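Supplied in structure tokens, the structure appears directly below.
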Amino acid sequence: MKDDTVESPMESPPETVYTQAQAYAPMEALAAATAAALPDFPGFERRSWGEMPCSHDGIDIPGYTNIEIRYRFSLAHSGSELVREHYVQVLREHWGGLGYAFTEDSEDLDPDGRIDRNLAVTLKDGITLWYRVWGYVGLLVQSGPVTISDVDEFQYIPPTGGVTPGGIGDLVNRYFPDGIPTGPVVLPCEGDGLAVDPFDSPVTYDDQL
């Protein structure tokens, strides 16, 4: 007799390298490394954190989430040839040279005549880097499935690319209801326990890649 039993996603949870709290540091490190690879970088306007559900066949998987870190250029910079075209070429070569697996490399003409582009790679640990050229241009970093953490486990990771830590463009306040931390932070993936100043340049996180 044929076995028509369908395995529930709850019975086979997705593979994950990080917990939610652990994932922010390597994701922010990748954002910093990406920004550092862009010549004549004008700076990001804002940074935000968000989550998306993890689902299988339309069913949300309890206990898991997909983090999305979003960096966005200003509207003025988003309209420049440097940001809309040249950076796509630079990242295609840069990510390709690092051996990252491309999952998207597309170009579309919208009804208003604007050319939109999407360039994305996924790393071995499941993190995706997505350079999205729409009306606004931005860099999105997605964790893939991670187990949900309590908010009190989160550690503040300073933004990269010219966004002022705790400033008007640093949109992570809801994760830190007591205010953005101003003292040294020990990153969860650092084995030596050394504290770092969250207001130092994010380039300090490059060794976590």
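The values are calculated or read from the model by the stated rules, or taken from the named source; none is laboratory data. Keep in mind the model is a prediction, meaning the values are calculated, not measured. Neighbour counts run over all protein chains shown; Cβ positions are idealised from the backbone, glycine included.
Do we have any residue at all in the stretch 74-85 that's at pLDDT 95 or above and closer than 16 Å to ALA31 by Cα?
To start, the set of residues in the stretch 74-85 that are at pLDDT 95 or above comprises 74-85.
Filter again for closer than 16 Å to ALA31 by Cα, leaving 83.
Among the residues of the stretch 74-85, at least one is at pLDDT 95 or above and closer than 16 Å to ALA31 by Cα, which makes the answer yes.
Return yes or no: is TYR71 in a strand (DSSP E or B) and within 22 Å of ARG117 (Cα to Cα)?
Working: in a strand (DSSP E or B): yes; within 22 Å of ARG117 (Cα to Cα): yes.
Spelling it out, TYR71 is indeed in a strand (DSSP E or B) and within 22 Å of ARG117 (Cα to Cα).
Then there's this: Quick one: is GLU104 free of Cβ contacts under 8 Å to residues at least 60 places away in the same chain, farther than 19 Å from THR160 by Cα and surrounded by 13 or more Cβ atoms within 10 Å (Cβ to Cβ)?
Details: free of Cβ contacts under 8 Å to residues at least 60 places away in the same chain: yes; farther than 19 Å from THR160 by Cα: yes; surrounded by 13 or more Cβ atoms within 10 Å (Cβ to Cβ): yes.
Considered against the rule, which asks whether it is free of Cβ contacts under 8 Å to residues at least 60 places away in the same chain, farther than 19 Å from THR160 by Cα and surrounded by 13 or more Cβ atoms within 10 Å (Cβ to Cβ), GLU104 comes out as yes.
Another question about this same structure. Within the stretch 55-100, restricting attention to residues that are hydrophobic (A, V, I, L, M, F, W, C), closer than 22 Å to ASP150 by Cα and in contact with a Phe, Trp or Tyr (Cβ under 9 Å, 6 or more places away or on another chain), which residue is surrounded by the fewest Cβ atoms within 10 Å (Cβ to Cβ)? Full working, then the answer.
Narrowing the stretch 55-100 to residues hydrophobic (A, V, I, L, M, F, W, C): 59, 61, 67, 69, 73, 75-76, 82-83, 88, 90-91, 95, 98.
Narrowing further to those that are closer than 22 Å to ASP150 by Cα: 61, 67, 69.
Cutting the leftovers down to in contact with a Phe, Trp or Tyr (Cβ under 9 Å, 6 or more places away or on another chain) gives us 67, 69.
Details: ILE67: 21, ILE69: 24.
Here the residue is ILE67.
Let me ask something additional. What's the number of the condition THR16 fails, among (1) modelled with pLDDT of 95 or more; (2) assigned to a loop (DSSP other than H, G, I, E, B)?
The one condition THR16 does not meet is (1).
To continue, here is another question. Being at pLDDT 95 or above and at positive phi narrows it down to one of GLY169, GLY138, GLY162, so name that one. It would help to see each step written out before you state the result.
On the way: GLY169 fails: at positive phi; GLY138 fails: at positive phi.
One residue alone meets the criteria, GLY162.
Oh, and also: In the stretch 110-126, what residues are outside any strand (DSSP E or B), surrounded by fewer than 18 Cβ atoms within 10 Å (Cβ to Cβ) and either under 14 Å from the mean Cα position of the chain (by Cα) or touching a residue at least 12 places away in the same chain (Cβ under 8 Å) (or both)?
Quick first cut of the stretch 110-126, residues outside any strand (DSSP E or B) only: 110-114, 123-126.
Next cut, surrounded by fewer than 18 Cβ atoms within 10 Å (Cβ to Cβ) only: 110-114, 124-125.
Scanning the stretch 110-126 gives ARG114, ASP125.
List the number of the failed condition for ILE180; all other conditions in (1) at pLDDT 95 or above; (2) aliphatic (A, V, I, L, M); (3) surrounded by 15 or more Cβ atoms within 10 Å (Cβ to Cβ); (4) part of a loop (DSSP other than H, G, I, E, B) hold.
So ILE180 meets the others, but not (1).
Which numbered condition trips up VAL137, out of (1) touching a strand residue (DSSP E or B) at 6+ places or on another chain (Cβ under 7 Å); (2) closer than 24 Å to GLU45 by Cα?
Here VAL137 clears every test but (1).
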